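Only one structure is covered here, and it is reproduced in the block below.
Values in this text are rule-based calculations from the coordinates and carry no lab data. Remember, predicted model here, so these are calculated numbers, not experimental data. In this analysis, Cβ positions are derived from the backbone assuming ideal geometry, glycine residues included, and neighbour counts consider all displayed protein chains.
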């Protein structure tokens with residue numbers, strides 16, 4: 001097997017795995033707050049405490065995955081184009 005075919009096959013496998021992940025679990029943890037829903041800060045003694053409300057995930061701790069977002073855009077475009 002040539003390296004080009006092997007690389008194409010590897011990209012195809014990775015794409016299929018990510019698509020199945022997006023179908024099975026459309027929401028992932030927020031990268032900014034790491035799923036807490038708020039930022040962690042420390043007080044003056046160095047102990048962790050609850051910080052500000054996360055604006056990226058709106059305090060939920062979960063965000064829609066990029067692949068699932070692209071799937072929604074494609075289905076919305078197809079739906080609007082076939083009306």
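Build a GNM of the chain with springs between Cα atoms under 10 Å: which of 12, 70, 21 gets the top mean-square fluctuation? Top of the fluctuation ranking is 12.
As a calculated quantity, the FRET efficiency between residue 4 and residue 71 at R0 = 30 Å, using C-beta atoms, amounts to about 0.60. Relative contact order for the chain: 27 percent, from Cα pairs under 8 Å spaced at least 6 residues apart, divided by residue count. Each principal axis of the Cα atoms in the chain has its own extent, and those three values, largest first, are 60, 45, 18 angstrom. Between helix 3-24 and the chain there is an angle of about 50 degrees, using the helix long axis and the longest principal axis of the Cα atoms. Extension gain, residue 14 to residue 80: 0.36 nm times the residue separation minus the Cα-Cα distance gives 20.8 nm. Between helix 66-81 and the chain, what is the angle of the helix's C-alpha long axis to the longest principal axis, kept within 0 to 90° and rounded to the nearest 10? Approximately 60 degrees, to the nearest ten.
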